[in-house]
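The structure appears below as structure tokens.
Coordinate-derived values only; no laboratory data. In this text, all values refer to a predicted model and were calculated from it rather than measured experimentally. Note that each Cβ is placed from the backbone with ideal geometry, even for glycine, and that neighbours are counted across all protein chains shown.
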Amino acid sequence: MKSEIHDLREGRSPSLFHKVRAGGFWVFLLRIVDRAFGIVKIVVTARLLSPEEFGLFGVALLAVTICETFTQSGFEGALIQKKEDVKGYLDTAWTIQVVRGVALFLLLFCLSPVVASFFKTPHVSQLVRVIAVSQLVIGFRNIGVIYFAKELDFGRQFVFQFVPSCIDLMVSMVLLFTFKNVWALVIALLVRHTLTTAWSFVMHDYRPSLRVDWDKARDLFTFGKWALGSGVLYFLLTQGDDLLVGKVLGAGVLGLYLMAYKISNIPTTEITNVISYVTFPAFSKLQHEPVKLRRAYLQVLKVIMFTTFPLALLLFLLAEDFTILILGEQWRSMVPAMKILCAVGLVGSFGATIRPLFYGVGKPGIHTKLSFLHLLVLGCLIYPLTRHMGIVGAAFSVLSAMTLTQLVASVMVIRQLKVSYPDFVKLFIFPSAAAAVMGLCVVACQRLVVETNLWSLGAVGLMGAGVYLGVCIVFSRLLHYDAIDQVGRLVHSR
């Protein structure tokens, strides 16, 4: 492994390995802070709002996300992927971004009654119109902030996102305790987007102007068209189930499903989103060096599997106690779906490495085709299962479609990187075995607990984490499983 790190460090940019590790630290720190704030918001929201009100907010966001998805340009990804200087492209990309923001505002404002009619929720129309204003505002965000990701300057990226997150938390708490209804979430979202746009001009000194170079726009769209196609598929895959649940089962049940999804995927998706965000520009820089790219990818995948296996299993085992103690009795009915969605988060953690890999090497079409396969399988399963089994059926259809797609994706990755099948499978064997031992210990401790409360819940969780780390240490000594060393390097790279 030392030789692998040495080889990676000797890439075209000698500081790339350090930048990736340091970037991982900053982005992970930002995710921890942002998610900690998010958990506070989720808990307070769950305590003060009913599942139906939370579902109304989910319906409004669905409408916005649909319009966002079908109008995205993919230009930011194209700018990051390009190896040459992209300054000449920025005005064009920003102008199209502004036009898109105006179009989104008008579209959402006009279609809000249609959304209310489709979901049979009259009150959602006004929510959509207010959220539409936030899309207008965010369209003016300074395009220069893409340099933070492109140059792996994640320290500044941390500051750029941290300030709006802090203010968003404070505003959300004040509004939730003041209004105690769904409008608190809507207004807080508008405040956050407005602040983010203003802050972007403070954080980066580039000053865009309204100007379009059509040759450059076509060049960006060559890459962006795949991002658009992939984005549409990604929406259908990640939120198509929300759309169907809201339509078939109503806003109240949608609120339960959305909460189950948010809670169950917090541990796994936050880690994978961090690594995905950091590795896309890193893989782009290594796209013409296949040996270094392969080694870098395998290191990334090893860290992801090491961290997500125990987190997903712990939340699965503690789901019911967590829901009742933290969120409240009114959310109990979401627990069965939440347990299935924990497995979705685990399987999806591997999927999070697929997009940055194929986008980084300039082959976004592969990811789009995999997404289409995923959508095809999901489309065949989700309606009948949701109709007959409710949100449990929806969760099971998502898990089934994702598992099949990731098996196919594994073959594509192995072929792209020319990795041997045994070496690839080893990355999953050790963490799954350690997690299995941890799971047995957690179940045994749960049976010994006389009274379940927050203290016992925390103690069981910490014990499980300790067992997992202990087993991994044994594996590292006896079987040379070095995932702990990899995580340690990430932490000390700051």
Please list, by residue number, everything in the range 54-68 whose backbone N is under 16 Å from a paramagnetic label point 7 Å out along Cα→Cβ of PHE118. 56-68
Report the label-to-label distance for LEU376 and VAL159 in nanometres (one decimal), using points 7 Å from each Cα along the Cα→Cβ vector. 4.9
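Using r as the Cβ-Cβ distance of VAL474 and ALA103, and R0 as 56 Å, what FRET efficiency do you calculate, to the nearest 0.05? Walk me through the intermediate numbers first.
Working: r = 58 Å, r/R0 = 1.03.
Calculated value: 0.45.
Take each of the peptides 196-202, 384-390, 60-66, 418-424, average the number of other beta-carbon atoms within 10 Å over its residues, and list them starting from the highest. Could you put the intermediate results ahead of the total?
Working: 196-202: 17.6, 384-390: 15.6, 60-66: 22.0, 418-424: 11.6.
My ranking of the peptides, most packed first, is 60-66, 196-202, 384-390, 418-424.
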For LEU440 and GLU329, calculate 0.36 nm times their separation in residues minus their Cα-Cα distance, and state this gained length in nm to one decimal. 37.3 nm
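So which of LYS120/LYS363; LYS247/LYS426; LYS302/LYS339; LYS180/LYS339 end up more than 32 Å apart, counting from Cα to Cα? It would help to have the intermediate numbers written out before the result.
Working: LYS120/LYS363 41 Å; LYS247/LYS426 43 Å; LYS302/LYS339 24 Å; LYS180/LYS339 29 Å.
Beyond 32 Å between Cα atoms: LYS120/LYS363; LYS247/LYS426.
So if we plug the beta-carbon distance of ASP85 and TYR421 into 1/(1 + (r/R0)^6) with R0 = 41 Å, what FRET efficiency do we get, rounded to 0.05? Intermediate values should be presented prior to the final figure.
Values: r = 41 Å, r/R0 = 0.99.
The computed FRET efficiency comes out at 0.50.
Going by how many other Cβ atoms sit within 10 Å of their own, how do THR238, THR92 line up, fewest first? It would help to have the intermediate numbers written out before the result.
Working: THR238 15, THR92 23.
The order, fewest Cβ neighbours first, is THR238, THR92.
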Shape category assigned to the range 370-425 from the gyration tensor of Cα positions, a/c cut at 1.5: prolate
Under 15 Å from the Cβ of LEU376, count the other residues' Cβ atoms, weight Lys and Arg +1, Asp and Glu -1, and hand me the total. 0
